[in-house]
1. Based on this model, can you work out whether H216 counts as open to solvent by 10 Å² or more (accessible area, probe 1.4 Å), touching a Ser or Thr at 6+ places or on another chain (Cβ under 6 Å), under 22 Å from A248 (Cβ atoms) and not aromatic (F, W, Y)?
2. Cβ-Cβ under 8 Å, sequence separation 6+ or interchain: first residue in segment 255-276 and within 14 Å of M211 (Cβ to Cβ) and in contact (Cβ under 8 Å) with a residue 60 or more places away in the chain, partner polar (S, T, N, Q) and open to solvent by 40 Å² or more (accessible area, probe 1.4 Å). Which pairs?
3. Within segment 299-336, track down each residue that is in contact (Cβ under 8 Å) with a residue 40 or more places away in the chain, surrounded by fewer than 21 Cβ atoms within 10 Å (Cβ to Cβ) and farther than 26 Å from D46 by Cβ.
4. Would you call V91 surrounded by 15 or more Cβ atoms within 10 Å (Cβ to Cβ), closer than 30 Å to Q365 by Cβ and not hydroxyl-bearing (S, T, Y)?
5. Within segment 62-74, which residues are closer than 16 Å to S253 by Cβ and of a type outside the set (G, A, S)?
6. Of all residues in segment 116-152, count the ones that are surrounded by fewer than 17 Cβ atoms within 10 Å (Cβ to Cβ) and of a type in the set (D, E, K, R).
7. I want to confirm something. Restricting to segment 1-53 and keeping residues that are modelled with pLDDT under 90 and among the hydroxyl-bearing types (S, T, Y), which single residue is farthest from the chain's Cα centre (by Cα)?
8. Among (1) out of contact with any strand residue (DSSP E or B) (no Cβ under 8 Å at 6 or more places or on another chain); (2) over 19 Å from F358 (Cβ atoms); (3) surrounded by fewer than 13 Cβ atoms within 10 Å (Cβ to Cβ), there is one condition V64 misses while meeting the rest; what is its number?
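The values are calculated or read from the model by the stated rules, or taken from the named source; none is laboratory data. Given the structure is predicted, the values throughout are model-derived calculations rather than measurements. Reconstructed Cβ throughout: ideal geometry from the backbone, glycine too, with neighbour counts over all protein chains shown. Side chains included, ligands, DNA and RNA excluded: accessible areas come from the protein's heavy atoms. Shrake-Rupley method; radii C 1.70, N 1.55, O 1.52, S 1.80 Å.
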Amino acid sequence: MFDSVRDALAADLEEIRAAGLHKPERVIGTPQSATVSVTAGGRPGDVLNFCANNYLGLADHPEVVAAAHEALDRWGYGMASVRFICGTQEVHKELEARLSSFLGQEDTILYSSCFDANGGVFETLLGPEDAVISDALNHASIIDGIRLSKARRFRYANRDMADLEKQLKEATEGGARRKLVVTDGVFSMDGYVAPLADICDLAERYDAMVMVDDSHAVGFVGPGGRGTPELHGVMDRVDIITGTLGKALGGASGGYVAARAEIVALLRQRSRPYLFSNTLAPVIAAASLKVLDLLESAGDLRERLAANTALFRSRMTEAGFDILPGDHAIAPVMIGDAAVAGRMAELLLERGVYVIGFSYPVVPQGQARIRVQLSAAHSAEDVNRAVEAFIAARAELAGA
C-alpha cells in the first residue's frame with residue numbers, strides 16, 4: 001500500500017526543500033541555556049542561543065533543577081494514568097492552586113500542553129447556538145480548537161477593534177446564546193501585544209466572554225510577570241487564560257487553563273484532552289512550583305530581559321534592519337524572501353549565533369523573517385555579538 005504513496009510524499013518533500021521552506025532540526029548537546037552546543041555542518045560547537053522561549057533563563061536554573069531531582073525521588077517518574085482515574089497527586093493540586101493565585105483566577109486545570117488546553121476549551125463550552133470571535137493571527141492551537149467545536153466562527157483582523165465590534169454585532173444579531181472573544185496575549189510571530197483593555201470593553205458591551213492565550217507573556221510581562229491582563233489592568237475582566245509551562249515558566253512542557261470556577265469544573269468533566277491524556281509528569285509540576293517561587297523575586301530577571309530587548313532592538317534599527325515595532329522580547333527581523341531568510345540563518349549559525357528563519361505557511365507569503373528571542377540569561381556582550389553577526393551575514397549575502 002505505501003509504495004503507491006511513497007513517490008508522491010517524496011515529491012512533496014522535494015517541493016518544500018526547493019521553495020526554501022524545509023525545517024531542519026539541529027541537535028543540541030547541552031542543557032537549554034544562553035549558550036548551547038549545536039551540530040552545524042556536522043561539527044559541534046558552542047553558539048549563542050537566540051531562538052528559544054527561555055525568556056527568564058530558568059530552563060537550567062540550579063534551583064529548578066534541584067527541585068526536579070527532589071520531586072523525582074518523592075513522587076516518581078510518571079503517573080501512568082489520567083487525572084480522574086488515579087493520576088492526581090498532591091503536587092498537581094498544589095500547582096493548580098498556585099497558578100490560580102498567581103494569575104488572579106478562581107481555579108486552574110492542568111493539561112499536558114497548552115496546545116491541548118486550547119484544544120479542550122471550545123468544544124466543551126460552546127455549541128451550535130454559540131459564537132466564537134477569533135483574532136486572525138491567533139496561534140494554530142486556537143484555530144484547531146475552534147475547528148473541534150460546533151460554534152459559529154467569526155474572525156477579526158489582527159488587533160482591529162472596529163472589525164471586532166463588527167463581528168460581535170453580527171454574532172449578536174444572529175442570536176448567539178454565548179459569545180467568546182479569543183486572542184493571543186502576545187502574537188508569537190510578530191511580538192505584538194493584544195489591546196486587552198479595548199477587547200474587554202467591547203466584550204462587556206456585547207455580553208461576551210474573553211479568553212487569552214498568554215503563553216508568550218506569563219512570567220515576564222506586566223509589573224509582577226502575570227502577563228498581558230496585568231499589563232493592561234484587566235485581570236478581573238478576563239474569563240479564561242490559557243498558557244504553557246514550556247516557555248518562561250521553566251521551559252519544560254505542560255499547559256493550563258485558569259478561569260472562572262464553573263468553567264474549570266466543566267472542563268474537568270468534559271474536556272477530552274484532559275480526560276484522555278496522561279497526567280502532567282510530577283517532576284514538571286514540582287519544578288513549576290519552584291519557578292513560581294522564583295517569580296516572586298524575579299524583578300531583576302525581568303529588568304535584564306527588558307534591557308537586553310531594548311539594546312538589541314535599538315542597535316539593529318540603527319544598523320538599518322527592519323524590525324517590527326514594539327518592546328517585546330520577540331524581535332522579528334524582517335527579510336521578505338524565504339530562501340534569503342533561511343540562508344541568513346545558516347550564515348549566522350556559522351558566526352556562532354543560533355536563530356531560525358520563519359516563512360510560509362508559518363507567516364504570510366513574502367513576510368519571511370528571523371525571529372530573534374531575547375533572554376534574561378543573555379549578557380549585553382551576547383546581544384552585541386549577535387548584532388555584529390547580523391551585520392556580517394548581511395554583508396556576505398549582499399556580496400554573493
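1. Answer is yes for this residue.
2. G255/S112
3. L324, G326
4. no
5. Answer for segment 62-74, where residues must be closer than 16 Å to S253 by Cβ and of a type outside the set (G, A, S): V64, V65, L72.
6. Here the count works out to 4.
7. S4
8. That leaves (3) as the condition not met.
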